[in-house]
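J.: Pasting a structure below so you can have a look.
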There are 2 protein chains.
Amino acid sequence: MHAVVIRDGRLHWEERDDPVPGDTELLVEVKAAGLNGADLVQRAGHYPAPPGWPTDIPGMEMAGEVVAVGRGVTLFGPGDRVMAVVGGGAQATMAFVDESHALAVPASLPWPEAGGFPEVFSTAYDALFTQAGLASGERVLVSGAAGGVGTAGVQLAAVTGAHVVATVRQPDRRAEVAALGANEVVAPGDEAAHGPYDVVLELVGAPSLTAALPAVATGARLVVIGVGGGSRIDLDLFSLMGKRARIGGSTLRARSRREKANVAAGVARHVLPLLASGRLRVPVCATFPLAEAEAAYARFTEGAKLGKVVLVA
Amino acid sequence: MHAVVIRDGRLHWEERDDPVPGDTELLVEVKAAGLNGADLVQRAGHYPAPPGWPTDIPGMEMAGEVVAVGRGVTLFGPGDRVMAVVGGGAQATMAFVDESHALAVPASLPWPEAGGFPEVFSTAYDALFTQAGLASGERVLVSGAAGGVGTAGVQLAAVTGAHVVATVRQPDRRAEVAALGANEVVAPGDEAAHGPYDVVLELVGAPSLTAALPAVATGARLVVIGVGGGSRIDLDLFSLMGKRARIGGSTLRARSRREKANVAAGVARHVLPLLASGRLRVPVCATFPLAEAEAAYARFTEGAKLGKVVLVA
């Protein structure tokens, strides 16, 4: 196979041995693999893959066709279209994934959208529902809503019957975010005037969270997923006590195999049907051939985009 | 009736009109009323009673005998022994309480213990179970365990099958806290070495919470109830994300009537049976006559006590 390889902080396109699937794993011919902010952090040397995954091949999500399965696999077989969050190694022509982490790709879904679906929708689903317990009728703030997790979070919250307020920095992205189901799209810094918020999906970090805190409702749940804008906040615990609010944080990548299987099961049950029926969509802003990963990463870094940058085979 | 009255930051013993119970309220002849840290804050002018409660008569918990009931009351009648968290006015010879907030006093329980039970056990119960979801087999840290909420929290966590680590500042209080069921009693500052903690019941505040944070387990729930030691922390959101941990805070007093009824129902169901059977106890360090509230507050302020200071009729 060929793979994107990180060496000396740069990306190379190199030949490697095909992975051999373990007993419960699928070997997948990759058709599309989305980029995520964490890929850039890994390229810079700060976010190593967890144990058991390729150390130098990036890529935390992919979609493709099953070409071989381990002897204990029961859920999928050769020829099946699957997509998954993986611990690494997705940006290659072949990749492996535990069958409990794989999701069936809806028949109608093009490969680039399938390749950009797993990471951001799993992250947003887990944060909004498993961690924050979002339910219909509540008011949710999605901070930094034009990115991958943001566009997923806005849609998931909207289809669940929540009132969605989204912050989007670039004015020319706001109409697109509104079209995804956000009831109000505002500039960062204006969010406090549009509260109160029962749930906050924080994708920017410290300054944004600090701006949202005065506007949370009693019993609010804030979940921090992204801290690109800074990670340290000066927090007055009184503000949490008076509102009976809580702040949590999360990453998917560090979780155990079993925990990741639980997330995938939740997404399969509660999100895939909406993707298959067209009520949810995966905005893709650009695709690049796998061999041109460096250009794709550069595009991702530019920002000013709605949705995913996806590598395609 | 006679009541403790706050005026100019001091406590006076004065005659007042008896309260008239509303439709769903009980009029109670107070036998005992526990002191809480918030009483001192209220005396200093910083923690006004919520709407509908006496503005100048302190006291957030009491036990006594029902002497009259509103026309809509169905659960209690004259002569019943009750105890309750109230929004204020408990430190008087007569007080009122909504019947949905009242708990039956177990037959075996002396009045001083009944008067010191509601606030701290309701607070600890709500924080540990409703908010933090503590369950058997987990490891819990109770920071500042020798006080009222601490002694309640240590006992509740221990009877639930958790492993309890307690911090206690005064060395001569540690054996008493261990006798309440703490598996390990350590000095503040040493808690990080005794983790990891699935749940943290934070009763001291910022410095203590900061010391505990590096020792929390994956999926930890931290609940801040007391901030006497400081309320502002410098929080690195990365530390929450990596551990998938969350920090919440809470107070009982500001809650709605319905929310308080829910807390009382939980305490009645899950805590009262253990109090009646003797598996939980209310440590009382000192009692003072109601008319000597100033001396009682002074004793409370001194610290170096295990359990409650209670005013008695």
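J.: Determine the dipole magnitude for region B:168-242: charges of +1 sit on the beta-carbon of Lys and Arg, -1 on that of Asp and Glu, nothing else is charged, the reference point is the Cα centre, and the result goes in debye to the nearest 20.
T.: Charge dipole, region B:168-242, about its Cα centre: 140 debye, nearest 20.
J.: Per residue of B:205-213, count partner chain C-beta atoms within 10 Å of its C-beta, then hand back the mean as an integer.
T.: Mean partner shielding for this stretch: 1.
J.: To continue, here is another question. Hey, quick one: spin label on B:Ala104, modelled 7 Å out along Cα-Cβ, who in region B:65-80 has an amide N within reach, i.e. under 20 Å?
T.: Residues B:65-70, B:72-80 qualify, since their backbone N sits under 20 Å from the label point.
J.: Could the peptides B:163-174, B:283-294, A:144-155, A:25-36 be put in order, highest first, of the mean number of other beta-carbon atoms found within 10 Å of their residues?
T.: Ranked by mean Cβ neighbours within 10 Å, highest first: A:144-155, A:25-36, B:163-174, B:283-294.
J.: In deg cm²/dmol and to the nearest 500, what is the mean residue ellipticity at 222 nm of chain B if only DSSP H runs of at least 4 residues count, each as -39500 (n - 2.57), divided by the residue total?
T.: When only DSSP H runs of four or more count, the value is -7000 deg cm²/dmol.
J.: Hey, another quick one. How far is A:Gly230 from itself in the other copies, in nm, if each label sits 7 Å out from Cα along the Cα-Cβ line, shortest first?
T.: Taking the point 7 Å beyond Cα along Cα→Cβ, the inter-copy spacings are 2.0 nm.
J.: At 7 Å along the Cα-to-beta-carbon direction for both A:Thr210 and B:Ser277, put a label point, then send me their distance in nm to one decimal.
T.: Going from the A:Thr210 label point to the B:Ser277 one covers 5.1 nm.
J.: Which listed residue (B:His163, B:Gly181, B:Leu213) has the Cα farthest towards the positive end of the charge dipole for region B:121-249, taking +1 on Lys and Arg C-beta and -1 on Asp and Glu C-beta about the Cα centre?
T.: Value computed over the given set: B:Leu213.
J.: Determine the shielding of peptide A:247-257 by partner chains: average, over its residues, the number of Cβ atoms on other chains within 10 angstrom of each Cβ.
T.: Across the residues of A:247-257, the mean count of other-chain Cβ atoms within 10 Å is 5.
J.: Using DSSP, restrict attention to beta bridges with both residues in chain A and report what percent are antiparallel, rounded to the nearest 5.
T.: If I count the DSSP bridges inside chain A, around 55 percent turn out antiparallel.
J.: Here's something else I'd like to know. For the residues B:Asp23, A:Asp17, A:Asp56, what sequence is obtained by ranking on other C-beta atoms within 10 Å, fewest first?
T.: In order of increasing Cβ crowding within 10 Å: A:Asp17, B:Asp23, A:Asp56.
J.: Next up: Can you list the lysines whose alpha carbon is less than 29 Å from that of B:Lys31, not counting same-chain residues fewer than 8 positions off?
T.: Here the lysines satisfying the reach criterion relative to B:Lys31 are B:Lys260, B:Lys305, B:Lys308.
J.: Pop out the ³J(HN,Hα) list for region A:198-212 in order, Karplus 6.51 cos²θ - 1.76 cosθ + 1.60 with θ = phi - 60°, rounded to Hz; leave Gly and Pro as x.
T.: Whole-Hz 3J(HN,Hα) from phi for region A:198-212: 7, 9, 10, 9, 9, 10, 9, x, 3, x, 5, 5, 4, 5, 7.
J.: Hey, in the GNM for chain A with a 10 angstrom Cα cutoff, which one of A:Ile233, A:Ile247, A:Ile57 fluctuates hardest?
T.: A:Ile233
J.: Over all Cα pairs of region A:120-249, how is the pair count split among 5 Å bins, expressed in % and running from 0 up to the last occupied bin?
T.: The calculated distribution, bin by bin, is 2, 12, 25, 27, 22, 8, 3, 0.
J.: Can you put B:Leu311, B:Leu128, B:Leu275 in order of Cβ neighbours within 10 angstrom, beginning with the fewest?
T.: Final ranking by Cβ density, sparse to dense: B:Leu275, B:Leu128, B:Leu311.
J.: Which value, in debye to the nearest 20, gives the size of the charge dipole of the protein assembly as shown about its Cα centre, when Lys and Arg are +1 and Asp and Glu are -1 at the Cβ?
T.: Magnitude of the dipole: close to 240 debye.
J.: While we're here: By its C-alpha gyration tensor, with a ≥ b ≥ c as the square roots of the eigenvalues, how is region A:1-155 shaped: rounded for a/c under 1.5, else prolate for a/b larger than b/c, else oblate?
T.: oblate
J.: Using the Cα centre of chain A as the reference point, and only Cβ charges (+1 on K/R, -1 on D/E), how large is the resulting charge dipole? Debye, rounded to the nearest 20.
T.: Its charge dipole is roughly 740 debye.
J.: Can I ask one more? Can you pull the Kirkwood radius for chain A, inverse mean 1/r over Cα pairs, to one decimal in Å?
T.: 19.6
J.: Compute the label zone of B:Asn183 within region B:278-296: residues whose backbone N is under 13 Å from the point 7 Å along Cα-to-Cβ.
T.: none
J.: Sticking with this one: A:Arg232 to A:His46: extension gain in nm, 0.36 nm per residue of separation minus the Cα-Cα distance?
T.: Residue separation times 0.36 nm, minus the Cα-Cα distance, leaves 65.2 nm.
Bear in mind that the values in this text are calculations on the coordinates, not laboratory data. These numbers come from a predicted model, not from an experiment. For neighbour counting, all protein chains shown are included, and Cβ atoms are generated from backbone atoms with ideal geometry for every residue, glycine included.
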